[in-house]
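Visitor: Below are the structure tokens for one structure; questions will follow.
The values are calculated or read from the model by the stated rules, or taken from the named source; none is laboratory data. Fair warning: this is a prediction, and the values are worked out from it, not measured in the lab. Every residue, glycine as well, gets a Cβ built from its backbone with ideal geometry; the counts of neighbours run over all protein chains shown.
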Amino acid sequence: MANELSEKLLRNCSQTLAGIKTGSIFNISDMEVSLLESQIKEISEKLNPLGVYIERIKSKKNNSLVYVYRKSQLIQDMKQPGAMDILKSFGYPSGRTVMETLAEECVEFLMKRLSDYECFPHEIGLFLGFPVEDVKEFIKQDGRNCIACGFWKVYCNKAEALKTFKRFRICAKIYEDAAEKKRPVEVMTVAA
């Protein structure tokens, strides 16, 4: 039953499924919410034990945002210097000593922010695994004056970012081929 969502995950979340990126977000507009919810539940039962979580964030009619992430990587990203300062500045929860709980609360807060706003909040890059310095500069520069652009807008360490973009494109091609061959998403998901 979850074949439709499985294919969409392979096509839109390849780097997250492969374990080289913290999170991915994509839009689904061609699936009823009830069907999407049931497919998320079915696939989550297979992917959660591998460390991958799926959240349906926002819905307007049959238009939903889907956030796919690796909780363990998100926790590590949140420990990076400056990451929690950025999140706190936007009102995210803080002060928890158990990082897993804090990460879950921050994902819930992000879901609320995405539901309340028409555009993506600037701090979303922290939930997708973008470098903290690039997220900080994106916010400071209001998305302008980047030195490179690919999977995110780059403000620092251009050479490293370009290498990462190349790895991401190679990964996307592999997963695109898997989607064409109707491979199950759980077979293509690297365990945490």
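Visitor: Which count do you get for residues in the stretch 179-192 that are touching a residue at least 60 places away in the same chain (Cβ under 8 Å) and over 16 Å from G19 (Cα atoms)?
Guide: Summing the residues that are touching a residue at least 60 places away in the same chain (Cβ under 8 Å) and over 16 Å from G19 (Cα atoms) in the stretch 179-192 gives 4.
Visitor: Considering only the stretch 138-156, I want to know if a residue exists there that is among the basic types (K, R), outside any helix (DSSP H, G or I), in contact (Cβ under 8 Å) with a residue 40 or more places away in the chain and in contact with a helix residue (DSSP H, G or I) (Cβ under 9 Å, 6 or more places away or on another chain).
Guide: The initial filter retains those residues of the stretch 138-156 that are among the basic types (K, R), namely 140, 144, 153.
In the following step, the residues that additionally are outside any helix (DSSP H, G or I) were identified as 144, 153.
If we keep only those that are in contact (Cβ under 8 Å) with a residue 40 or more places away in the chain as well, we get none.
No.
Visitor: Being outside any helix (DSSP H, G or I) and β-branched (V, I, T): is that true of V185 here?
Guide: Judged against the criteria, V185 is a match.
Visitor: Among the residues of the stretch 127-137, count how many are touching a residue at least 24 places away in the same chain (Cβ under 8 Å) and closer than 15 Å to S24 by Cβ. Even if it seems obvious, please write down each step before you answer.
Guide: Step one: of the stretch 127-137, the residues touching a residue at least 24 places away in the same chain (Cβ under 8 Å) are 127-129, 131-136.
Keeping just the survivors that are closer than 15 Å to S24 by Cβ gives 127-129.
The qualifying residues number 3.
Visitor: Ok, one more. Which of the residues spanning the stretch 16-37 are part of a helix (DSSP H, G or I) and modelled with pLDDT of 95 or more?
Guide: Result: T16, L17.
Visitor: Considering the stretch 83-113 alone, what residues qualify as being acidic (D, E) and more than 20 Å from I139 (Cβ to Cβ)?
Guide: Result: E100, E104, E105, E108.
Visitor: Now for a separate question. Among the residues that make up the stretch 160-169, is at least one of them in contact (Cβ under 8 Å) with a residue 24 or more places away in the chain, in a helix (DSSP H, G or I), under 16 Å from the mean Cα position of the chain (by Cα) and within 21 Å of N27 (Cα to Cα)?
Guide: Yes, the stretch 160-169 contains at least one residue that is in contact (Cβ under 8 Å) with a residue 24 or more places away in the chain, in a helix (DSSP H, G or I), under 16 Å from the mean Cα position of the chain (by Cα) and within 21 Å of N27 (Cα to Cα).
Visitor: Is one or more of the residues making up the stretch 121-135 assigned to a helix (DSSP H, G or I), at pLDDT below 95, surrounded by fewer than 20 Cβ atoms within 10 Å (Cβ to Cβ) and under 16 Å from the mean Cα position of the chain (by Cα)? Give the steps one after another, and end with the answer.
Guide: Quick first cut of the stretch 121-135, residues assigned to a helix (DSSP H, G or I) only: 122-128, 132-135.
Now restrict to residues that are at pLDDT below 95: 122.
Narrowing the set further to residues that are surrounded by fewer than 20 Cβ atoms within 10 Å (Cβ to Cβ) leaves 122.
When the remaining residues are screened for being under 16 Å from the mean Cα position of the chain (by Cα), the result is 122.
The answer is yes, given that some residue of the stretch 121-135 is assigned to a helix (DSSP H, G or I), at pLDDT below 95, surrounded by fewer than 20 Cβ atoms within 10 Å (Cβ to Cβ) and under 16 Å from the mean Cα position of the chain (by Cα).
Visitor: Same structure, new question: Any chance the stretch 85-100 includes a residue that's more than 21 Å from E133 (Cβ to Cβ), buried (at least 20 other Cβ atoms within 10 Å of the Cβ) and either touching a residue at least 24 places away in the same chain (Cβ under 8 Å) or touching a Leu at 6+ places or on another chain (Cβ under 9 Å) (or both)?
Guide: No, because not a single residue in the stretch 85-100 is more than 21 Å from E133 (Cβ to Cβ), buried (at least 20 other Cβ atoms within 10 Å of the Cβ) and either touching a residue at least 24 places away in the same chain (Cβ under 8 Å) or touching a Leu at 6+ places or on another chain (Cβ under 9 Å) (or both).
Visitor: Please determine, by comparing only the residues of the stretch 101-120 that are without any contact (Cβ under 8 Å) to a residue 40 or more places away in the chain and in contact with a Pro (Cβ under 8 Å, 6 or more places away or on another chain), which one is surrounded by the most Cβ atoms within 10 Å (Cβ to Cβ).
Guide: Among residues in the stretch 101-120 that are without any contact (Cβ under 8 Å) to a residue 40 or more places away in the chain and in contact with a Pro (Cβ under 8 Å, 6 or more places away or on another chain), the one surrounded by the most Cβ atoms within 10 Å (Cβ to Cβ) is C106.
Visitor: Would a scan of the stretch 52-62 turn up a residue that is within 18 Å of the chain's Cα centre (by Cα) and small (G, A, S)?
Guide: The answer is yes, given that some residue of the stretch 52-62 is within 18 Å of the chain's Cα centre (by Cα) and small (G, A, S).
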